[in-house]
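A.B. asks: Dropping a structure here in structure tokens format, bear with me for questions.
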Amino acid sequence: MRPLRLLIISLLISLPIASHAETLRVAVAANFAAPMQEIASRFEQNSGHRLLLSLGSTGKLYAQIRNGAPFDVLLAADDKVPAMLEQDGEGVRDTRFTYAIGTLVLWSAREGYVDDQGAVLGQQSFKHLALANPKTAPYGAAAQATLKRLGLEETLREKLVQGENIAQTHQFVASGNAELGFVALSQVVDGEGKIGEGSAWVVPAELHSPIRQDAVLLSHAEDSEAARDLLAYLKSEDALSIIAAYGYNRSQAR
């Protein structure tokens, strides 16, 4: 009987730990997919919780949340959507913060195709220029603002190809269906923050509004300790080092 008794005691001891673990549903802006996967892996190892990531454009994720999608946390590609969710009662007040400042780049999968000043845009030797939908994707809105500031919005209109989100936009360029396009720096850098392949122009920040990416706890998970732990982890040095490695500006995060 002694082995059986020891087994029962062991199971009873393990129950509180197992019951404490939670599964979180996290809505993540498509541009943040790569760093978030790494952050999720480390958070799961450290906490015992499990993260289910849903990727998409911030506009579509907002619509899903408003329609009742049971997400616990939103990592948006802007600061407007989390603020709206907070005002609508879908986001928990005083939990919203900026976890990263995004960087826009003009990128081509071809080596040497894009110069470091973006002059290729004015040369117009390409057939297609990809950008994310400006109405639903903040990086698309930043790309549109950049073209306007450069005085190229109208002259390049016929060459524009819109992706549903920044992930699809990147795929257009990576596949060669578009010679170049505006994507997030995080999509094209290697582990050391350098352009992994192809060629790119880092768009000067003054050409568009800051791409301030905010996180917010959603009302569905207001009482979730695990969800609050995740938000706290995003502010940790461990997470911030990952975020910086993928080309985001962490110095202005608030």
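The values are calculated or read from the model by the stated rules, or taken from the named source; none is laboratory data. What you see is a predicted model; the values in this text were computed from it and never measured. Reconstructed Cβ throughout: ideal geometry from the backbone, glycine too, with neighbour counts over all protein chains shown. We work out accessible area using only protein heavy atoms, side chains counted, and drop any ligands, DNA or RNA first. Shrake-Rupley method; radii C 1.70, N 1.55, O 1.52, S 1.80 Å.
A.B. asks: Ordering LEU53, LEU234 from largest to smallest accessible area (1.4 angstrom probe), what's the sequence?
C.D. replies: LEU53, LEU234
A.B. asks: Report the per residue volume, in Å³, of the convex hull enclosing the C-alpha atoms of region 86-197.
C.D. replies: Value for region 86-197: 133 Å³ per residue.
A.B. asks: Over region 93-204, what is the relative contact order in percent, taking alpha-carbon pairs closer than 8 angstrom and at least six residues apart?
C.D. replies: 44 percent
A.B. asks: Beyond 18 Å, what share of the Cα-Cα pairs of region 64-139 remains, rounded to the nearest whole percent?
C.D. replies: 57 percent
A.B. asks: With Rg and the Kirkwood Rh both taken from Cα atoms, where does Rg over Rh land for region 144-249?
C.D. replies: 1.05
A.B. asks: What figure, in Å² to the nearest 10, do you get for the accessible area of HIS20 with a 1.4 Å probe and non-protein molecules left out?
C.D. replies: Surface open to solvent at HIS20 totals about 90 Å².
A.B. asks: Could you compute the net charge surrounding LEU147? Neighbours are other residues with a C-beta less than 14 Å from the C-beta of LEU147; K and R count +1, D and E count -1.
C.D. replies: Neighbour charge sum, excluding LEU147 itself: +1.
A.B. asks: Compute, for the chain, the length of the dipole vector about the Cα centre, with Cβ point charges of +1 (Lys, Arg) and -1 (Asp, Glu) only. Units Debye, rounded to 20.
C.D. replies: 340 debye
A.B. asks: Tell me the Kirkwood hydrodynamic radius of region 157-217 in angstroms, computed as one over the mean inverse distance between distinct C-alpha pairs.
C.D. replies: Kirkwood radius, region 157-217: 13.3 Å.
A.B. asks: Measure nothing but the geometry: give the 0 to 90° angle between the long axis through the Cα atoms of 2-20 and the longest principal axis through the Cα atoms of the chain, rounded to 10°.
C.D. replies: That works out to roughly 40 degrees.
A.B. asks: Quick one: work out the % antiparallel among DSSP beta bridges in the chain, nearest 5.
C.D. replies: Expressed as a percentage, antiparallel bridges in the chain total about 55.
A.B. asks: At 37 °C and 0.692 mPa s, grab the translational diffusion coefficient of the chain from Stokes-Einstein with a Kirkwood Rh over Cα pairs, rounded to a whole number in µm² per second.
C.D. replies: Value of D from the Cα-based Kirkwood radius: 169 µm²/s.
A.B. asks: Let me make sure I get this right: for region 121-168, a, b and c are the square roots of the gyration tensor eigenvalues over alpha carbons, sorted descending. Under 1.5 in a/c it's rounded, otherwise prolate if a/b > b/c, else oblate. Which is it?
C.D. replies: Oblate.
A.B. asks: Any idea what log10 I(q)/I(0) is at q = 0.19, 0.23, 0.24 Å⁻¹ for region 182-226, Debye with uniform C-alpha scatterers and no solvent?
C.D. replies: -0.74, -0.87, -0.91
A.B. asks: On to the next question. Does region 30-168 classify as rounded, prolate or oblate by the C-alpha gyration tensor (a ≥ b ≥ c root eigenvalues; a/c under 1.5 gives rounded; else a/b over b/c gives prolate, otherwise oblate)?
C.D. replies: prolate
A.B. asks: Starting from the amide H of VAL216, placed 1.01 Å from N in the peptide plane, find each other amide H under 5 Å away whose residue is 5 or more places distant or on another chain.
C.D. replies: LEU74, ALA76
A.B. asks: Something else now. Tell me which residues come under 5 Å, amide H to amide H, from ARG50 once H is placed; ignore anything under 5 positions away on its chain.
C.D. replies: GLU22, THR23, LEU24
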